[in-house]
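The values are calculated or read from the model by the stated rules, or taken from the named source; none is laboratory data. In this text, all values refer to a predicted model and were calculated from it rather than measured experimentally. Every residue, glycine among them, receives a Cβ derived from its backbone with ideal geometry; neighbour counts consider all protein chains shown. Just so you know, the surface numbers come from the protein's heavy atoms only, side chains and all, with ligands and any DNA or RNA stripped out. Shrake-Rupley method; radii C 1.70, N 1.55, O 1.52, S 1.80 Å.
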Amino acid sequence: MSQTLDTTLLIIGGGPGGYVAAIRAGQLGIPTVLVEGQALGGTCLNIGCIPSKALIHVAEQFHQTARFAGQSPLGISVDTPRLDIGQSVAWKDGIVDRLTTGVAALLKKHGVKVIHGWAKVLDGKQVEVDGQRIQCEHLLLATGSNSVELPMLPLGGPVISSTEALAPKALPKHLVVVGGGYIGLELGIAYRKLGAQVSVVEARERILPTYDSELTAPVAESLKKLGIALHLGHSVEGYESGCLLASDGQGGQLRLEADRVLVAVGRRPRTQGFNLECLDLKMNGAAIAIDERCQTSMRNVWAIGDVAGEPMLAHRAMAQGEMVAEIIAGKTRRFEPAAIAAVCFTDPEVVVAGKTPEQASQQGLDCIVAQFPFAANGRAMSLESKSGFVRVVARRDNHLIVGWQAVGVAVSELSTAFAQSLEMGARLEDVAGTIHAHPTLGEAVQEAALRALGHALHI
Ligand SMILES: Cc1cc2nc3c(=O)[nH]c(=O)nc-3n(C[C@H](O)[C@H](O)[C@H](O)COP(=O)(O)OP(=O)(O)OC[C@H]3O[C@@H](n4cnc5c(N)ncnc54)[C@H](O)[C@@H]3O)c2cc1C
């Protein structure tokens, strides 16, 4: 065995949680080693956020081009559009390469030692990678999550996870998506726009079950318009002879011929396969339990990102990583965000930040709820999209804004304004009194606040 390597901070996992923690630790002068078994950037950069948004962009461009092959109200026409999916995937891979190379350069710039290999935990202060022992004062677990597999639908061949769906060699004729959550719908819509027939099978009675039905109605409408078949309330039983089998639990059987099946039924914290059990950490369900400083039940053993449970979002992992590095450097920090915005890059997009009207009332808050429709927003019209709305939830007594929700074209970009207003403790008057540039979708944010105050201008 080679000599033991000593460091102050040892990070397992180079996803957005781990690599951000490493960069910040490097900036703060903390000797840091980062161990990554696959590729720097983790799920987010390699097989998650970025490649999915790249594929969604390709699909949207192709869809629009295909639209112009017929009659278009915009007066644009094109000859028969063609798609070279190999070229599309190569373009997407180019973006991933640029970003992951950038992460490697940033780690180097900040003096982080990167070790490529799989870490095995020996105890709370020692890890082994390919026979090399590394000793640390602080151990940071940032091992992310894996796709949940269904026992009756083992991955392999035509049955794929989001990872394979993001790198298709050819398009299927008929893709069945199992799971109507955000990953399944984002990819299902993209495949439909690329030209595949798409069906979605979901065990619950609605799509995007974590969002309220008013918010998801425009997405359901769009799925219908795109020709995506929805089979709600159906549990999958298996895949046999080219057919996906599902049942509604009341004797009704579904048999869908499909040459590809995408299993997108959620993600599970990655806590197995690297001897983590030897630490006997306190768990929170399948995730590692952490306190408000991201410390686990063991002193100087920290956990961030997906391995520490919901919400499994890249920006949450990054924020936690930055915070843990600062705590190790001696700063006083706690992870207590007012809100973590979540976005579904469906068509139309959905964004939520803070409390929904239902959550506010469950928490005993007396709230004003107001919404402003994009049908009355000039920018939305000029983007050929009138569906959707912005909704604000604010306390009746002092007008403190406690939540924002929106559904509509490009509303992902409103998530910044939502999160900022919640973090800064904005009241309805603050947003209503801010001059919003015209014509923008953001004007609907101001109008929602004005409406909550009883005097919207454009409705
Ligand atoms: C298709 C898809 C789309 C998504 N879209 C979005 C989105 O739009 N917005 C958003 O916020 N989130 C999105 N996510 C979720 C997002 O990718 C995760 O929340 C985020 O990557 C979590 O970051 P992390 O650092 O906790 O873990 P990860 O990014 O999963 O990184 C963990 C890393 O640890 C490494 N690792 C694990 N065990 C070991 C070990 N023993 N030794 C060495 N290395 C190890 C892994 O190889 C991996 O690289 C998406 C996910 C998927 C799958």
**Message:** Among the numbered criteria (1) in contact with a strand residue (DSSP E or B) (Cβ under 7 Å, 6 or more places away or on another chain); (2) closer than 28 Å to V369 by Cα; (3) open to solvent by 30 Å² or more (accessible area, probe 1.4 Å); (4) assigned to a helix (DSSP H, G or I), which one does P218 miss?
**Reply:** (3)
**Flag for H455 being farther than 23 Å from F345 by Cα, open to solvent by 20 Å² or more (accessible area, probe 1.4 Å) and in contact with a helix residue (DSSP H, G or I) (Cβ under 8 Å, 6 or more places away or on another chain)** = no
**Asked** Of all residues in region 29-40, which are more than 19 Å from the chain's Cα centre (by Cα) and either more than 7 Å from the ligand (Cβ to nearest atom) or assigned to a helix (DSSP H, G or I) (or both)?
**Response** G29, I30, P31, T32, V33, L34
**Request:** With the condition kept exactly as written, say whether any residue in region 88-103 is surrounded by 14 or more Cβ atoms within 10 Å (Cβ to Cβ), basic (K, R) and touching a residue at least 40 places away in the same chain (Cβ under 8 Å).
**Result:** yes
**Asked** What number of residues within region 375-410 are within 17 Å of the chain's Cα centre (by Cα) and in a loop (DSSP other than H, G, I, E, B)?
**Response** 1
**Prompt:** Name the pairs: first residue in region 376-395 and of a type in the set (G, A, S), second residue part of a strand (DSSP E or B) and open to solvent by 40 Å² or more (accessible area, probe 1.4 Å), Cβ to Cβ under 7 Å, at least 6 apart or on different chains?
**Reply:** A394/L400
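Here is a yes/no grid of residues against (1) farther than 24 Å from G41 by Cβ; (2) touching a Ser or Thr at 6+ places or on another chain (Cβ under 7 Å); (3) not small (G, A, S):
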| position | (1), (2), (3) |
| --- | --- |
| V263 | no, yes, yes |
| K282 | yes, yes, yes |
| G309 | no, no, no |
| E322 | no, no, yes |
| R333 | yes, no, yes |
| C344 | no, no, yes |
**Item:** Pairs, first on the phi > 0 side of the Ramachandran plot in region 185-196, second outside any helix (DSSP H, G or I), C-beta under 9 Å, six or more apart
**Value:** G195/L83; G195/L171
**Residue check for S162: within 16 Å of the ligand (Cβ to nearest atom) and in contact (Cβ under 8 Å) with a residue 40 or more places away in the chain** = yes
**Single condition S77 does not satisfy, out of (1) within 16 Å of the ligand (Cβ to nearest atom); (2) open to solvent by 40 Å² or more (accessible area, probe 1.4 Å); (3) free of Cβ contacts under 8 Å to residues at least 24 places away in the same chain; (4) more than 20 Å from the chain's Cα centre (by Cα)** = (1)
**Message:** Residues that are within 15 Å of the ligand (Cβ to nearest atom) and of a type outside the set (A, V, I, L, M, F, W, C): does region 19-28 have at least one?
**Reply:** yes
**Scope region 411-442; condition assigned to a helix (DSSP H, G or I), surrounded by fewer than 22 Cβ atoms within 10 Å (Cβ to Cβ) and not small (G, A, S); matching residues** = E413, T416, Q420, E423, E429, D430
